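**Q** Quick one: the structure is below, and I'll ask about it shortly.
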Amino acid sequence: MAKDMSNTKVPPTTIARLPIYLRCLQDARGRRVDLISSFELAELTGRNAAQLRKDLSYLGEFGTRGVGYEVDELISQISKWLGTSTVRPVAVVGMGRLGQALCNYQGFLDKGFTITRVYDVDPDKVGKSIAGVEIVHIDKIEKVEPGGIGVIATPAAGAQEAAEKLVAAGFNAILNFAPVNIETGPDICVRHVDFASELQIIGFHLAQKEERFPAPCYDDCCD
Ligand code: NAD
């Protein structure tokens, strides 16, 4: 039985690794693996075993020395910490190329998310359906479903307005794809996804390797 660690402060770098551990554990379960050692899990995730054990120690006391972790228990604990033990509803604002691609992606359900509502302003799109979900005008946004997350996939110019509409509808968690900062109240969890920035970070590491900048990287951003 895992100890109650619900008040533990988990470092952001550990949180960022939890989805990787979860994915590898789910793969292992798919191969009917019941028990896994920290070395095996570390190898699957491309991490070192000491770091993995430290990361998991923030979540509770799992595993038996010399035996390993119970795959099902670890999946259930990590899912609990990631808030994905039950499927969360997601509302996407902006049904352009990105919004439609997100809606048509089949892999979110396995990760604990399902797109249940989609919004746009374009009269040519409103009323049509994407992946079985009807596009509603953003002015008619419904009250958030329990545990819902809002996603912004509008152009930068529409992102602030989209955020305000989401917050007014009761969303307190927003994932923003638009290349602009959005202002929300202090109690709203906002994350920004930027594919270009990620490529630039890889570019930084490539530049280091190419010895254009010989200074070593002290950061753990490659973790
Ligand atoms: P797009 O122009 O194809 O689609 C944007 C959609 O948003 C359109 O359907 C438009 O009618 C709708 N829209 C505009 N204002 C709105 C508003 N206020 N409320 C609701 N809907 C509104 O754009 P796209 O190529 O799908 O890109 C969408 C956004 O995602 C852009 O901001 C783009 O820069 C960004 N993007 C980010 C990444 C990333 O990695 N973060 C990658 C690709 C695109």
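The values are calculated or read from the model by the stated rules, or taken from the named source; none is laboratory data. What you see is a predicted model; the values in this text were computed from it and never measured. Note that each Cβ is placed from the backbone with ideal geometry, even for glycine, and that neighbours are counted across all protein chains shown. Remember, those area values only see protein heavy atoms, side chains included, never the ligands or the DNA or RNA. Shrake-Rupley method; radii C 1.70, N 1.55, O 1.52, S 1.80 Å.
**Q** Identify, from the list Val167, Val144, Val126, the residue that is at pLDDT 95 or above, in the same structural domain as Asn104 (by TED's automatic domain parsing) and outside any loop (DSSP other than H, G, I, E, B).
**A** Going through Val167, Val144, Val126 in turn, just one is at pLDDT 95 or above, in the same structural domain as Asn104 (by TED's automatic domain parsing) and outside any loop (DSSP other than H, G, I, E, B): Val167.
**Q** Next question, about the same structure. Read through the list (1) open to solvent by less than 70 Å² (accessible area, probe 1.4 Å); (2) more than 9 Å from the ligand (Cβ to nearest atom); (3) of a type outside the set (Ser, Thr, Tyr), then give the number of the only condition that Pro146 fails.
**A** So Pro146 meets the others, but not (1).
**Q** Ok, one more. Inside the range 1-112, counting only helices (runs of 4 or more DSSP H) that do not spill past its ends, which hold 1 or more residues that are assigned by TED's automatic domain parsing to the domain that holds Pro179 and surrounded by fewer than 12 Cβ atoms within 10 Å (Cβ to Cβ)?
**A** Per the criteria, 97-104.
**Q** Right, another one. Here is a list: Lys140, Lys209, Lys165. Which entry is out of contact with any strand residue (DSSP E or B) (no Cβ under 6 Å at 6 or more places or on another chain), touching a residue at least 60 places away in the same chain (Cβ under 8 Å) and either open to solvent by 40 Å² or more (accessible area, probe 1.4 Å) or more than 10 Å from the ligand (Cβ to nearest atom) (or both)?
**A** Lys165
**Q** Are any of the residues in the range 151-162 assigned by TED's automatic domain parsing to the domain that holds Ile115, among the aliphatic types (A, V, I, L, M), near the ligand (Cβ under 10 Å from one of its atoms) and open to solvent by 30 Å² or more (accessible area, probe 1.4 Å)?
**A** Yes, some residue in the range 151-162 is assigned by TED's automatic domain parsing to the domain that holds Ile115, among the aliphatic types (A, V, I, L, M), near the ligand (Cβ under 10 Å from one of its atoms) and open to solvent by 30 Å² or more (accessible area, probe 1.4 Å).
**Q** Could you figure out which of (1) open to solvent by less than 70 Å² (accessible area, probe 1.4 Å); (2) more than 8 Å from the ligand (Cβ to nearest atom); (3) under 29 Å from Leu82 (Cα atoms) isn't true of Tyr119?
**A** (2)
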